[in-house]
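J.: One structure, pasted below without further comment.
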C-alpha cells in the first residue's frame with residue numbers, strides 16, 4: 001500500500017496487489033475499507049512488492065534532488081518559502097516539495113547535515 005498516515009486515516013490509500021485474481025476478488029471489499037484505489041499487478045507473486053520498492057525508490061530520489069535544489073537556492077540567497085511557492089506552482093512540484101515534508105528540503109535543516117558530511121568526506125563544495 002502507499003499513501004502514508006494521513007491518507008490511511010482518510011481511507012484513500014493505494015493498494016498494490018498481485019497473485020491469483022480469485023484471491024483479490026475475495027479480499028477486495030476489505031482492501032477498499034482503507035484504499036480508494038486497488039491496483040492489480042498480475043498473478044506473479046512479488047509483483048506488488050516490486051512495485052512498492054520502485055515507488056519508494058522514486059520517492060527517495062525526488063526527496064534527494066529536491067533537497068539539493070533547495071540547497072542550491074539557499075546558496076544563491078533565495079528564500080526557501082518563495083522557492084517552494086514557485087516549485088509547487090509548476091512542473092517542479094513533487095511529493096517532496098508539496099506533500100511529504102517541505103521542511104526536509106529546508107536549507108536550515110540540511111546545512112548542518114550536508115556540511116558535516118562533505119567535510120568528513122573531503123569534498124570542497126556545498127559549504
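The values are calculated or read from the model by the stated rules, or taken from the named source; none is laboratory data. Remember, predicted model here, so these are calculated numbers, not experimental data. Counting neighbours? That spans all protein chains shown, and the Cβs are built from the backbone with ideal geometry, glycine included.
J.: Please count how many residues of the stretch 1-25 are surrounded by 11 or more Cβ atoms within 10 Å (Cβ to Cβ), part of a helix (DSSP H, G or I) and at pLDDT 90 or above.
T.: Within the stretch 1-25, residues that are surrounded by 11 or more Cβ atoms within 10 Å (Cβ to Cβ), part of a helix (DSSP H, G or I) and at pLDDT 90 or above number 3.
J.: Tally up the residues in the stretch 75-92 that are under 25 Å from residue 3 (Cβ atoms) and surrounded by 13 or more Cβ atoms within 10 Å (Cβ to Cβ), please.
T.: 4
J.: Scan the stretch 50-59 and tell me whether some residue there is in contact with a helix residue (DSSP H, G or I) (Cβ under 9 Å, 6 or more places away or on another chain) and either touching a residue at least 40 places away in the same chain (Cβ under 8 Å) or within 28 Å of residue 10 (Cα to Cα) (or both).
T.: Keep residues of the stretch 50-59 that are in contact with a helix residue (DSSP H, G or I) (Cβ under 9 Å, 6 or more places away or on another chain), which gives 59.
When the remaining residues are screened for being either touching a residue at least 40 places away in the same chain (Cβ under 8 Å) or within 28 Å of residue 10 (Cα to Cα) (or both), the result is 59.
So far as the stretch 50-59 goes, yes, one or more of its residues are in contact with a helix residue (DSSP H, G or I) (Cβ under 9 Å, 6 or more places away or on another chain) and either touching a residue at least 40 places away in the same chain (Cβ under 8 Å) or within 28 Å of residue 10 (Cα to Cα) (or both).
Yes or no, residue by residue, for (1) at pLDDT 85 or above; (2) more than 12 Å from the chain's Cα centre (by Cα); (3) buried (at least 16 other Cβ atoms within 10 Å of the Cβ); (4) not in a strand (DSSP E or B):
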{"residue": "27", "(1), (2), (3), (4)": "yes, yes, no, yes"}
{"residue": "38", "(1), (2), (3), (4)": "yes, yes, yes, no"}
{"residue": "42", "(1), (2), (3), (4)": "yes, yes, no, yes"}
{"residue": "69", "(1), (2), (3), (4)": "yes, yes, yes, yes"}
{"residue": "73", "(1), (2), (3), (4)": "yes, yes, yes, yes"}
{"residue": "115", "(1), (2), (3), (4)": "no, yes, no, yes"}
{"residue": "119", "(1), (2), (3), (4)": "no, yes, no, yes"}
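J.: Okay, next question. For the stretch 26-58, how many residues are touching a strand residue (DSSP E or B) at 6+ places or on another chain (Cβ under 9 Å) and under 23 Å from residue 93 (Cβ atoms)?
T.: 7
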